[in-house]
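To keep things clear, I will list the structure first and then write my remarks on it.
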Amino acid sequence: MQLVKWAHGLAESLLADSLPRRWAHSQRVYSQALGLAPALGEDAELLAAAAIAHDIGYAAAAVDTGQHMIDGARYLRDVAGADPRLCSVVAFHTSSSWEASELGLDDALNEFGPAETELVDAITYCDLTSSPAGDLVDPAERLSEVLERYGPEHVVFRAVSAARPELMARVIRVRQRSEAVAAKLS
């Protein structure tokens, strides 16, 4: 739990005062990650740390490329000296690959690859079940909210539109894994 405590403190210092809604969202993503712990085994702590820190790339101190997933991962790696796997999960969360492609940042994203499918699925699930204000939300509704918030001319809209089928497939895979583990435990 030392990694989680460290990541929590870092994320709180970067988000709580300057980006309170982003901080509320990150706390819910973290809470969702804790619920996936039985399905992740020894990677549960890594997911929890990535979940609380997944949006630090929005903090002014972390902005570099303008793609918050890459910026957060670079901040974790270059400033905070974080574990490479933690940086990778942050770099690849949710629609990062599609957004990086839209922005011509594939090489920057590849600094953190290859992505670990199970962990990227898990953090994507946690992100898509957490509203911007930190409430639980249906993943399909969350994606609709993102599209509405950004609008068709924005890179996030284009990336999320292209990624939507895969993002929903990630949600389904995580739910199936969690249900299978829960069935084994009962």
>> If amide hydrogens are placed 1.01 Å from N in the peptide plane, which non-local residues have theirs closer than 5 Å to the one on residue 130?
In response: 137
>> Can you give me the C-alpha center-to-center distance between the range 111-139 and the range 67-92, rounded to a whole angstrom?
In response: 15 Å
> For the range 81-97, what does the Karplus curve 6.51 cos²θ - 1.76 cosθ + 1.60, with θ = phi - 60°, yield as ³J(HN,Hα) per residue in whole Hz, taken in order and with x for Gly and Pro?
Replying inline: x, 6, 4, x, 5, 4, 4, 5, 4, 5, 4, 9, 5, 6, 9, 4, 4
> When the accessible area of the chain is split by element with a 1.4 Å probe, what percent falls to carbon and sulfur?
Replying inline: 53 percent
> Averaged per residue, what accessible surface does the chain expose to a 1.4 Å probe, in Å²?
Replying inline: 46 Å²
> Can you work out D for the chain in µm² s⁻¹ from Stokes-Einstein, where Rh is the Kirkwood radius over C-alpha pairs, the temperature is 10 °C and the viscosity is 1.306 mPa s?
Replying inline: 98 µm²/s
> Among 96, 86, 72, which residue has its Cα positioned farthest towards the positive end of the charge dipole of the range 50-116, with +1 placed on the Cβ of Lys and Arg, -1 on the Cβ of Asp and Glu, and the dipole taken about the Cα centre?
Replying inline: 86
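The values are calculated or read from the model by the stated rules, or taken from the named source; none is laboratory data. Everything quoted here is computed from the prediction, not taken from an experiment. Positions of Cβ are generated from backbone atoms using ideal geometry, with glycine treated the same way; all protein chains shown enter the neighbour counts. To get the accessible areas, we keep the full protein, side chains included, count just its heavy atoms, and leave off ligands, DNA and RNA. Shrake-Rupley method; radii C 1.70, N 1.55, O 1.52, S 1.80 Å.
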